[in-house]
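Report on the following structure.
The values are calculated or read from the model by the stated rules, or taken from the named source; none is laboratory data. Note that the coordinates shown come from a computational prediction; the quantities given were computed from them, not determined experimentally. Heads up, the Cβs are rebuilt from the backbone with ideal geometry, glycines too, and the neighbour counts pull from every protein chain shown.
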Amino acid sequence: MSQTAVASAQQTTAANRRRFSVSRILIYALLAILFVTQLYPLLWLVIYSFKTNEEILSGSFFSLPASWQWVNYENALGGGSYWKYLGNSVIVTAVTIAAVIVLSGMVAFAISRFRWKYGQYVLLLFLVGMMIPLQSTLLPLMLMFKHIDILNTRWSIILPYIAFQTPISVFILAGFFQTFPNEIEESAIVDGAGVWRIFTRIILPVSVPPVVTVCILTFINIWNEYVLAATFISSERLKTLPFGVYSFVSQYSVNYGAIGAFLVLGALPVVIVYFLLAEKITKGMVAGAVKG
């Protein structure tokens, strides 16, 4: 190879390295900006929760507290009835997740594995359900629940939660179920398995990634939901975690530090669950998008 060719190859390599370095720097810079913009509100809330009312009202958003007020967390856990609201949120969320998994799993199984004429139309109907604004259903649901006498009960929020979380769950699970080879079901039918046994013993056990994704998305969406709970629940005994902030608001004063501490404690389960299972969410969403 001539010296001219060698020099030209070296120049091309150097140019590619510079181009690669510049693109990598741009990507890292963009990721850093996204990281800061997403993480900063959470860090600001944590710092906010350790400040006194005077420091908060002074408008010093970027400053650290002069003295870390752990008493705010003591007030949040004690005077804010945190454990009562937490228990109500756990009950409502757990029942909703269980119902969504069962109902959306059966619907997705019927749509993706049965050969029937209107399967895709039913899936389309559920996709349309994802587009309905929650606020547009408040008045009809209020009248309906009052008529059947479940207003101001846990069912008055559990049922709408199930209805609003089922469409996206059906979409995720149906896309995953469509990837199963038909030979699996045919072998099970030859062995004498019925539809319910195929669904519970074969389909669900191998559908862990999308099922976990549905559980996490439902948990995140339900845990901090406020609009439906504020509309249909008036009993102090049944209120969920988002209502806890009102424990620190009186006619003449507001304990802003305790509110911040309560918000941190309320968001902590969601943050922990998301960071522990974020990879499963990604895998489940990708698995559900292979077909369909």
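For this structure, a couple of remarks:
- Count - residues of region 119-145 that are free of Cβ contacts under 8 Å to residues at least 40 places away in the same chain, assigned to a helix (DSSP H, G or I) and within 19 Å of the chain's Cα centre (by Cα): 1
- Count of region 146-167 residues which are at negative phi and more than 22 Å from the chain's Cα centre (by Cα): 6
- Residue within region 273-288 that is under 30 Å from Ile56 (Cα atoms), assigned to a helix (DSSP H, G or I), hydrophobic (A, V, I, L, M, F, W, C) and at pLDDT below 85 present: yes
- So Val128, is it surrounded by fewer than 12 Cβ atoms within 10 Å (Cβ to Cβ) and aliphatic (A, V, I, L, M): yes
- Selection of region 53-80 for residues being crowded, with 17+ Cβ neighbours inside 10 Å and touching a residue at least 60 places away in the same chain (Cβ under 8 Å) yields Ile56, Gln69, Asn72, Tyr73, Asn75, Ala76, Gly80.
- Residue match in region 138-146 (condition: of a type in the set (D, E, K, R) and farther than 20 Å from Thr96 by Cα): yes
- Of all the numbered requirements in (1) surrounded by fewer than 21 Cβ atoms within 10 Å (Cβ to Cβ); (2) farther than 21 Å from Thr93 by Cβ, Ile203 misses one, and that requirement is (1).
- Within region 94-118, tally of residues that are of a type in the set (Ser, Thr, Tyr) and under 16 Å from the mean Cα position of the chain (by Cα): 1
- Qualifying residue in region 69-78 (condition: outside the structural domain of Glu185 (by TED's automatic domain parsing), farther than 22 Å from Pro160 by Cα and assigned to a loop (DSSP other than H, G, I, E, B)): yes
- Test result for Val71, under 25 Å from the mean Cα position of the chain (by Cα), at pLDDT 80 or above and among the hydrophobic types (A, V, I, L, M, F, W, C): no
- From the options Ile91, Ile111, Ile101, Ile97, residue that is within 29 Å of Asn221 (Cβ to Cβ), in a helix (DSSP H, G or I), in contact with a Gly (Cβ under 6 Å, 6 or more places away or on another chain) and assigned by TED's automatic domain parsing to the domain that holds Ser156: Ile111
- Any hit, region 251-270, residues being modelled with pLDDT under 80 and of a type outside the set (Phe, Trp, Tyr): yes
- Residue match in region 44-57 (condition: more than 30 Å from Thr200 (Cβ to Cβ), in contact with a strand residue (DSSP E or B) (Cβ under 9 Å, 6 or more places away or on another chain) and not assigned by TED's automatic domain parsing to the domain that holds Phe248): yes
- With respect to the conditions (1) surrounded by 19 or more Cβ atoms within 10 Å (Cβ to Cβ); (2) within 23 Å of Arg115 (Cβ to Cβ), Phe164 lacks only one, and its number is (2).
- Test: residue in region 173-189 that is within 30 Å of Phe145 (Cβ to Cβ) and buried (at least 20 other Cβ atoms within 10 Å of the Cβ): yes
- Residue in region 13-20 that is modelled with pLDDT of 85 or more and part of a helix (DSSP H, G or I) present: no
- Residue in region 237-253 that is assigned by TED's automatic domain parsing to the domain that holds Ser136, of a type in the set (A, V, I, L, M, F, W, C) and surrounded by fewer than 16 Cβ atoms within 10 Å (Cβ to Cβ) present: yes
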